[in-house]
Amino acid sequence: MNWDDLRGHRDQIEMLRRSIARGRQAHAYLFAGMAGIGKSRFARIFAQSLFCENHADTELMACDECSPCRQMNAGSHPDFFAIGCPEGKNEIPVSVFNGDKERRGQEGLIHDISLRPMAGSRRIAIIDDANRMNEEGANAMLKTLEEPPPNSMLILIAENLDALLPTIRSRCQLVRFSSLSANDVSDLLLETEIASTAEEATAAAAMSEGSLHIAAQLLNPALRTLRLKLYDALSTSDLRPIDVANSMTSGIDELGGDTNEHRRNAGWLIRFAQEFYRQVALRLSGDSVPEGPGTEFVARFTALLTAKGAKGIEIAMELFDRCVLAENHISWNVGPAKTMELLFDDLARTARTRLKSAR
Ligand SMILES: [Zn+2]
């Protein structure tokens, strides 16, 4: 891989290139930014560029042809280590840093990074999900960060800086990453075949906040089905609040996961509802809206509001605002079931009174 295989983040590449050219290479970096924007890929290309034999460190480039580059691409470079939170776990087990109980200190990342480089002039380790180190793991790492082994480099990657010990943060050079452009996300969705059509990719990218990870979640088939069900319910003049709330709540349960996941998915449904009313308002004001999931339901509700004349947009915006309130409920830790109940009760009442009242 080389920088051509990475979307965005050109400023960060330049910044690192300049600091290395000035001889200010850090022993530890902390790459921070939301999930799904390419931080991990960036860290790997960064490491490969430092290992590459055909480019000086100051160029910070990878040729993809020399032996270290090939080893990096094959995942077999003897001086490169990468760890992260195992699938399904909430934290990185401390044995990943220190080795198992029987072999404590004789294996694990801290041991590996302390050894002399085998091939080149340095050893590089990536700690993905660094915000998921538990206290024991963080304390073990702290020692290494305080007294970094010679010729070693650590790259910590974290979504949420608040979850990191201040003592860890202060020992790393912070590099902040911004989200990707909607265009980049859309292209990536097509390249990785997560999305099968350009329309699908554009629609998911627009709601992704610049994260491929979020876009991929949005394209999860079960969530899409639930979204269409929601749009169908919202498009009628007599929304049945209890039925819809129940159907959404059981849909959230069926999507699986833990309490956090339930809340996240409830959050998605609320944002889908917002998107629904936003599209209705746009159509009413004569703007063109790209085709996306559930367009037919948006059109159906737009027709209902068109009959209300100038008041139509006002009604759509009022319904949109109700969804914003529900978003607050989720962030205030109100449970998904209760949030859905309150939201649809509100939406039904508003729609009923406003649609029945005279123009
Ligand atoms: Zn190379």
### Task
Determine whether Leu109 is aliphatic (A, V, I, L, M) and within 14 Å of the ligand (Cβ to nearest atom).
no
### Query
If you go through region 3-49 one residue at a time, how many are of a type in the set (S, T, N, Q) and buried (at least 17 other Cβ atoms within 10 Å of the Cβ)?
4
### Query
Which number in (1) within 15 Å of the ligand (Cβ to nearest atom); (2) among the small types (Gly, Ala, Ser); (3) touching a Leu at 6+ places or on another chain (Cβ under 6 Å) marks the one condition that Gly36 misses?
(1)
### Summary
Across region 50-60, the tally of residues that are more than 8 Å from the ligand (Cβ to nearest atom) and crowded, with 16+ Cβ neighbours inside 10 Å stands at 3
### Task
Report yes if some residue within region 67-78 is away from the ligand (no atom under 15 Å from the Cβ) and assigned by TED's automatic domain parsing to the domain that holds Gly108; otherwise report no.
yes
### Task
Please go through region 207-232 and pick out each residue that is in contact (Cβ under 8 Å) with a residue 24 or more places away in the chain, crowded, with 17+ Cβ neighbours inside 10 Å and within 22 Å of Arg300 (Cβ to Cβ).
Met207, Leu223, Leu226, Arg227, Leu230, Tyr231
### Query
Which ones in region 261-292 are acidic (Asp, Glu) and touching a residue at least 40 places away in the same chain (Cβ under 8 Å)?
Glu275, Glu291
### Boolean, Asn246 is out of contact with any Asp or Glu (no Cβ under 6 Å at 6 or more places or on another chain) and modelled with pLDDT of 90 or more
yes
### Task
Collect the residues in region 39-49 that are within 10 Å of the ligand (Cβ to nearest atom) and either out of contact with any His (no Cβ under 9 Å at 6 or more places or on another chain) or of a type in the set (Gly, Ala, Ser) (or both), keeping them in residue-number order.
Ser49
### Task
Return a yes/no flag: does region 114-137 have any residue that is within 16 Å of the ligand (Cβ to nearest atom), closer than 14 Å to His27 by Cα and in a loop (DSSP other than H, G, I, E, B).
yes
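The values are calculated or read from the model by the stated rules, or taken from the named source; none is laboratory data. Since this is a predicted model, take the numbers as computed values, not measurements. With ideal geometry, Cβ positions are generated from the backbone for all residues, glycine too; neighbour counts draw on all protein chains shown.
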